[in-house]
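**Student:** Here it is, the structure in full.
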Amino acid sequence: DRREEEARRVASRLKHLLENGSVVDPDDDTTRGCRAGDIAILARRNDDLAALEPALRSYAVPFFNTATSGLAEGQEVLDLVTALRLIDDRYDDLRAFAFLRSPFVGLRDEVLVRISLRATDGARSLLDKAASFLDDAEAGRESWFEAPESARIGEIERAALRDGLGAMAEAQRLADRVDHAEVLETLLTRTGYRLHLLIREGASESLANIERFRALLDEYRHLTLGRFLALWDRWGDRDLGIPQARLFSSGDDVVTLSTIHAAKGLEWPIVALVGTQAPLAEARRFVGTHWTDPTLGPVLLPRAAERGPRATFALERRLEQENAEEARLLYVAATRARDRLVVAAPADEDLTGFAGWLAPELESAREVHQTSDATADDPEPERASLHATDDDERTGTGGQLDAFGLDGERRNQLDLFTPGSPPVNGTDPADGFVIIRRGGGSFQTSFGPPPVTLRWLDGLDPCEWPDSVGDIAERTRRIVGSATERMMRDADPEAWARRYLHGVLDPDDFLPPAGDRLPAKTRGTLIHGVLERIAAAEELDRVLDETIASLDLADLESALAPGASYRAALEREIADVVRSPAWRWYVEGEHYRELRFLHRSENEWLQGAFDLYRPARGVAPEQASLFGEPREGDDGRAAWVIDFKTHRIAAEEVEAVSADYALQIRAYRDAAAALGDGAGVPPRVALHFTKPNLATEV
């Protein structure tokens, strides 16, 4: 209750400042009206900021929460993921219960219990029981659990259950046959899920989250539904998080909500500090934890009754360190404000946390602010000042206070307003509270005809196929191979016959070499998958997880679990490549990764993919290559093919191993030349060995 009341007071106060306040423009030092972008709300914790959002919406204060929880924490997204899990496994009764209880169907608990306890022959799942119960109820063989409030509720539930079960059955038939986003859209449309959101608070954000989630599904449509859900779980386990869909961006004229840590180095004319009563460092927080004291060494803190002099002294030092860090954090928060710092905290009781530290200095700068209906005809809230003077002619604010030894020209002001402030003119401020409810007209209740119908099909007459769309004569089949196959056929015909004629795999395909945790083929596929997706080294952890999920290989889960030494070594190997000058040269400007080709060469067709293709760019000759001077006739306009090799070799072996790939290199060069890029200049090919992180032109 205190948090909600504080949120209303803060939102009302900011609304008042936006309509009546003024600030000194930092660009030209002139006074102008206050805008939303001039205001920031800071807090130590994310949940203090999240608690402000409903009140800010009620007062129509636009905001951008930089610390908003990830997409996975929205209730509407939880509903969508639940539905997808049920689509993937129709016998998951836990998800079936959640689906039937959610807005997709909306059954009451009494009906769900009756369905669950009902003995039905042949019903192996909760969905089967629900379908059987619905059939019996509509045929008069079973009575519905009618609601005492109205008989209409039972009718609505039966219709909703019929639509929900039908939509789920259709979605299960479509799973992995069409894109996941399309399957989900079918479910959303047939059940009217979005309409339910319109009567809830924050409907716009919820609808935006649904669209963000659908876009995410579309982005990973190359995965099966089960693999996408496994990747979703991995994101949650690793706390990677997916940004929440927002109606505003940081570039809009909006109030910024931020943690204090994230606000370092930034400034705003007005800063509101909330959540100031959160307790600071407490001894009980460290019981059972261990740390290393620079003087006393390792410490495992016991309970108070078991604590000796050494542990007590170590705890005192730890609390002093924690409080010193909290003081630095408070200093950061207070100095983010150029004109005004608004501190929200109670004033009628012993204060703790930041508020307790500031209270002695705020006695002469305290204001009482009462909430008011920001959407009424008179939006000005009733407010009164105690011991504050409006002595700043430029911004019309009072209670100036140099609480932190700031330069005298930087006139930071501090306001203290909160529930429980001292009475104003003998009246308890709580008597004037008005609970705000969003006004305006009702939502649309009727819908027009659909823009497209299929009635025109009734006017079509069947006819014979015209000659132009008759059968096409079958062409003589040609064998399509690959450069890898050609290399094996030339080097070892017996091995080629075993693999490509009889389908027999070599042990190297599924057994790791000595000293490794993964088969060479699996390791190469994994590294190539990461290099295909990654844009910067900072994305490595996320992209590696996505690649592991997309491969669906059991070997990877154990060998590449978070924290595993093999995973750390693999990350270092890939990071060295991505941070190398050669990589920066590869991806500078236009380039293509995993560019597939089909090329006719020497009377046979070859298919393959360039790991990285860099078109001719017409750069200056001295900038044409990382591999030496341009060749004769190549004035920097040659295209490049980069092929990554992932087997482990030493640096001195690079040249010798490169010679083994002469046939593959020739095939790549011929295929690249057929593109016609480079105005007749022959393309160039380089092999980049990831383990020694060396590239060589071949």
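The values are calculated or read from the model by the stated rules, or taken from the named source; none is laboratory data. All of these numbers come straight from a predicted model, not from anything done at the bench. For neighbour counting, all protein chains shown are included, and Cβ atoms are generated from backbone atoms with ideal geometry for every residue, glycine included. Ligands, DNA and RNA are stripped out before the accessible areas are found, and what is left, the full protein with its side chains, is counted by its heavy atoms. Shrake-Rupley method; radii C 1.70, N 1.55, O 1.52, S 1.80 Å.
**Student:** Quick one: with all protein chains in place, what share of the accessible area of the stretch 269-342 is carbon or sulfur, to the nearest percent (1.4 Å probe)? Please list the in-between numbers first.
**Tutor:** Values: 2090 of 3730 Å².
Carbon-and-sulfur percentage of accessible area, whole number: 56.
**Student:** What do you get for GluC sites (Glu not before Pro) in the stretch 280-322 restricted to DSSP loop and a cutoff of at most 16 other Cβ within 10 Å of the site's Cβ? Don't skip to the answer; put the middle values down first.
**Tutor:** On the way: sites: 282, 306, 316, 320, 322; in loops: 282.
Counting only loop positions with at most 16 other Cβ atoms within 10 Å, the GluC sites (Glu not before Pro) in the stretch 280-322 are 282.
**Student:** Name the long-range amide H neighbours of residue 693: under 5 Å, sequence gap of 5 or more, or other chain; modelled H, no Pro or chain starts.
**Tutor:** none
**Student:** Using a Förster distance of 41 Å, how high is the FRET efficiency between residue 283 and residue 199, based on the Cβ-Cβ distance and rounded to 0.05?
**Tutor:** Values: r = 48 Å, r/R0 = 1.16.
The formula returns an efficiency of 0.30 here.
**Student:** At 1.4 Å probe radius, can you tell me the per residue accessible area of the stretch 126-207 in Å²? Before the final figure, lay out the partial values.
**Tutor:** Values: 4070 Å² over 82 residues.
Normalised by residue count, the accessible surface of the stretch 126-207 is 50 Å².
**Student:** If you keep only loop residues by DSSP, which chymotrypsin sites (Phe, Trp or Tyr not before Pro) in the stretch 1-104 have at most 12 other Cβ atoms within 10 Å of their Cβ?
**Tutor:** The qualifying sites are 91.
**Student:** A follow-up question, please. Evaluate the charge dipole of the stretch 46-205 about its Cα centre and quote only its size in Debye, nearest 20, assuming +1 on the Cβ of each Lys and Arg and -1 on the Cβ of each Asp and Glu.
**Tutor:** On the way: 19 positive and 30 negative charges, 65 e Å.
For the stretch 46-205, the charge dipole is close to 320 debye.
**Student:** Return the FRET efficiency for the residue pair residue 561, residue 465: r is the Cβ-Cβ distance, R0 is 60 Å, and the value is rounded to the nearest 0.05.
**Tutor:** 0.55
**Student:** Right, another one. I'd like the per residue volume of the convex hull spanned by the Cα atoms of the stretch 1-145, given in cubic angstrom.
**Tutor:** Details: hull volume 25.0 nm³, N = 145.
Spread over its residues, the Cα hull of the stretch 1-145 gives 172 Å³ apiece.
**Student:** With each label point set 7 Å from Cα along the Cα-Cβ vector, what nm distance links residue 224 and residue 662?
**Tutor:** Calculated label separation equals 4.4 nm.
**Student:** Heavy-atom accessible area per residue, the stretch 37-108, 1.4 Å probe: how many Å²? Kindly include the intermediate steps, with their values, before the conclusion.
**Tutor:** Numbers: 2510 Å² over 72 residues.
For the stretch 37-108, the solvent-accessible area averages 35 Å² per residue.
**Student:** Please compute the length gained on full extension between residue 653 and residue 262, using 0.36 nm multiplied by the number of residues separating them and subtracting their Cα-Cα distance.
**Tutor:** Using 0.36 nm per residue and subtracting the Cα-Cα distance, I get 136.0 nm.
**Student:** For the stretch 118-175, what class follows from the C-alpha gyration tensor (a ≥ b ≥ c being the square roots of its eigenvalues): rounded when a/c is under 1.5, otherwise prolate if a/b is larger than b/c, else oblate?
**Tutor:** It comes out oblate by the Cα gyration axes.
**Student:** With a sphere of radius 9 Å drawn around the Cβ of residue 188, what net charge do the other residues whose Cβ falls strictly inside it have (Lys, Arg +1; Asp, Glu -1)? Provide the component values of the computation, followed by the final result.
**Tutor:** Details: positive: 190, 194, 214; negative: 185.
So the surrounding residues net to +2.
**Student:** Work through the residues other than residue 11 whose Cβ is under 10 Å from its Cβ and net out their charges, Lys, Arg +1 and Asp, Glu -1.
**Tutor:** +3
**Student:** Please work out how much length the chain gains when fully extended from residue 125 to residue 20, using 0.36 nm per residue of separation minus the C-alpha to C-alpha distance, in nm with one decimal.
**Tutor:** So the extension gain works out to 31.7 nm.
**Student:** For the stretch 334-342, take each phi angle, set θ = phi - 60°, evaluate the Karplus expression 6.51 cos²θ - 1.76 cosθ + 1.60, and give the result in whole Hz per residue in order, putting x for glycine and proline.
**Tutor:** 5, 8, 7, 8, 8, 10, 8, 10, 9
**Student:** Could you tell me what percent of the accessible area of the stretch 92-177 is made up of carbon and sulfur, with a 1.4 Å probe and every protein chain present?
**Tutor:** That share works out to 50 percent.
**Student:** Output wanted: per-residue J couplings in Hz (rounded whole) for the stretch 275-286, from phi through Karplus 6.51 cos²θ - 1.76 cosθ + 1.60, θ = phi - 60°, x for Gly and Pro.
**Tutor:** With coefficients 6.51, -1.76 and 1.60, one gets x, 7, 9, 4, x, 8, 4, 10, 4, 5, 5, 9 Hz.
**Student:** Could you order peptides 658-669, 144-155 by the average number of other Cβ atoms within 10 Å of their residues, highest first?
**Tutor:** Numbers: 658-669: 17.2, 144-155: 12.8.
Most protected by this proxy first, the peptides run 658-669, 144-155.
**Student:** For residue 281, what charge total do you get from the other residues with a beta carbon under 14 Å from its beta carbon, if Lys and Arg give +1 and Asp and Glu give -1? Each step should come with its number before you reach the end.
**Tutor:** Numbers: positive: 44, 284, 285, 317, 318, 328; negative: 282, 316, 320, 322, 325, 326.
For residues surrounding residue 281, the net value is 0.
**Student:** Right, here's the next one. Given H placed 1.01 Å from N in the peptide plane, which residues other than close sequence neighbours of residue 31 have an amide H under 5 Å from its amide H?
**Tutor:** Answer set, sorted by chain and number: 25.
**Student:** Can you give the FRET efficiency for residue 152 and residue 110, using 1/(1 + (r/R0)^6), R0 = 22 Å, r = Cβ-Cβ distance, to the nearest 0.05?
**Tutor:** That gives a FRET efficiency of 0.85.
**Student:** Further, regarding this structure: Just how far, in whole angstrom, is the stretch 73-115 from the stretch 158-190 if you go by their alpha carbon centroids?
**Tutor:** 13
**Student:** Next question, about the same structure. Per-residue counts of other Cβ atoms within 10 Å, averaged by peptide: what ranking do you get for 683-693, 586-596, highest first?
**Tutor:** The peptides rank, most packed first, as 683-693, 586-596.
**Student:** If you don't mind, there's one more thing I want to ask. Residues with amide H under 5 Å of residue 22's amide H, sequence separation 5 or more or different chain, H placed in the peptide plane at 1.01 Å from N; which?
**Tutor:** 34
**Student:** So how much slack lies between residue 138 and residue 604, counting 0.36 nm per residue of separation and subtracting their Cα-Cα distance, in nm? Numbers along the way, then the final one.
**Tutor:** Working: separation 466, 0.36 × 466 = 167.76 nm, distance 6.54 nm.
Full-extension gain reported as 161.2 nm.
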